[in-house]
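A quick write-up on the structure given underneath.
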């Protein structure tokens with residue numbers, strides 16, 4: 001029944017997406033080309049509706065049950081409504097944030113999904129106490145926006161999200177969490193069906209409806225799979241989401257250094273930098289897929305490593321991220337402290 005449900009979700013997404021495309025044109029949910037965007041013609045967005053409807057079909061068939069299941073569904077509905085309204089009329093950053101906070105609050109306060117403590121590697125327990133709720137909300141909103149930020153090329157957010165969902169499902173299988181495996185797999189199958197139309201050259205964009213929904217689901221599922229265990233297991237979802245998190249981190253630093261508001265758009269994200277280096281649209285997307293897969297594999301290795309092995313792996317990953325960011329100019333052409341240090345050693 002499980003595999004049949006995933007097949008139904010995949011086929012549903014393939015069948016629903018063309019209908020959503022027609023709807024997007026009818027209601028004006030389109031993306032017009034401008035200086036900051038890569039595409040050259042008016043494109044329908046709202047593709048996330050197809051992913052979401054396929055996801056709901058999967059839930060109705062499989063009915064994965066946990067005390068927080070209904071809260072997650074209600075939260076997902078709030079985030080999808082926010083995304084649909086934004087795809088139709090381009091909401092302000094404050095209203096979008098309000099929708100994300102509302103969805104997060106439903107899951108955290110009603111569903112009771114929050115990280116209360118972590119076991120420290122050298123002994124002892126770190127209790128978050130009253131910070132448990134705000135930290136969990138920050139995680140959900142942060143990851144939701146991270147997925148939204150990388151949604152800049154055909155198939156990019158859908159592919160990176162799919163790789164993250166595969167990694168989360170794999171880790172949930174190792175940890176024996178059936179609910180996370182079921183829900184992550186349903187979202188994955190629904191996203192892969194949509195990717196059929198979204199990979200370059202895209203026929204439809206997922207829009208904020210899709211990016212916010214995928215970000216929300218990935219953030220919540222990663223919490224469910226790895227909460228209340230150890231510091232090591234808490235770092236696992238951070239590694240799995242290494243591509244969107246690092247891109248968002250460098251974007252925040254870049255805007256802070258340039259004294260720009262956090263919501264200010266720019267053309268210095270990971271995919272923009274790779275395109276500027278001369279890679280094609282398709283090559284750029286496939287390279288970022290490979291990076292996401294690398295982080296997913298690193299997360300699995302990390303989860304099985306000894307304490308010192310895990311520390312060395314984290315140090316290695318941070319150096320690789322910094323080196324790559326400087327090499328492609330993610331922080332600007334003049335920001336190259338690591339490369340300058342390495343040249344100094346030579």
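Taking the square roots of 5 times each eigenvalue of the Cα gyration tensor of the range 2-345, largest first, gives ellipsoid semi-axes of 29, 27, 19 Å. Counted residue by residue at 0.36 nm each, then reduced by the alpha carbon distance between them, the extension gain from residue 174 to residue 279 reaches 34.1 nm. GNM on the chain, alpha-carbon springs under 10 angstrom: the most fluctuating residue among 155, 176, 142 is 176. In the range 144-213, the inverse of the mean reciprocal separation of distinct Cα atoms equals 12.4 Å; this is its Kirkwood hydrodynamic radius. Counted residue by residue at 0.36 nm each, then reduced by the alpha carbon distance between them, the extension gain from residue 266 to residue 338 reaches 23.5 nm.
Fewest neighbouring Cβ atoms within 10 Å first, the residues 89, 217 line up as 89, 217. When the chain is treated as a GNM with alpha-carbon contacts under 10 Å, the residue of 280, 167, 303 showing the greatest mean-square fluctuation is 280.
Dividing the summed -39500 (n - 2.57) terms of all DSSP H runs of n ≥ 4 by the residue count of the chain sets its mean residue ellipticity at 222 nm at -23500 deg cm²/dmol. Per-residue extension of 0.36 nm, minus the Cα-Cα distance of residue 327 and residue 200, leaves a gain of 43.2 nm for this segment. Which whole-angstrom value gives the distance between the alpha carbon centres of the range 191-226 and the range 1-28? The two parts, judged by their Cα centres, are 13 Å apart.
Give me the distance between the Cα centres of the range 86-109 and the range 281-340, rounded to whole Å. Centre-to-centre distance over Cα atoms comes out at 30 Å.
Annotation for the range 39-78 versus the range 143-163: alpha-carbon center distance of 16 Å. Within the range 97-223, the proportion of Cα pairs with more than 18 Å between them is 58 percent. Is the range 247-346 best put as rounded, prolate or oblate by its Cα gyration tensor, with a ≥ b ≥ c the root eigenvalues, rounded for a/c under 1.5, and otherwise prolate when a/b is larger than b/c, oblate when not? It is prolate, given that a/c is not under 1.5 and a/b is the larger ratio. Under the simplified labelling scheme, the residue 286-residue 308 pair shows an inter-label distance of 4.1 nm, with each label point 7 Å from Cα along Cα→Cβ.
Using C-alpha pairs below 8 Å separated by at least 6 residues, the relative contact order for the chain is 21 percent.
Quick note: the coordinates plus some simple rules give every number you see, no bench work behind them. Predicted model only: the values in this text are computed from it and were never measured. As a convention, Cβ positions derive from the backbone with ideal geometry for all residues, glycine included, and neighbour counts pool all protein chains shown.
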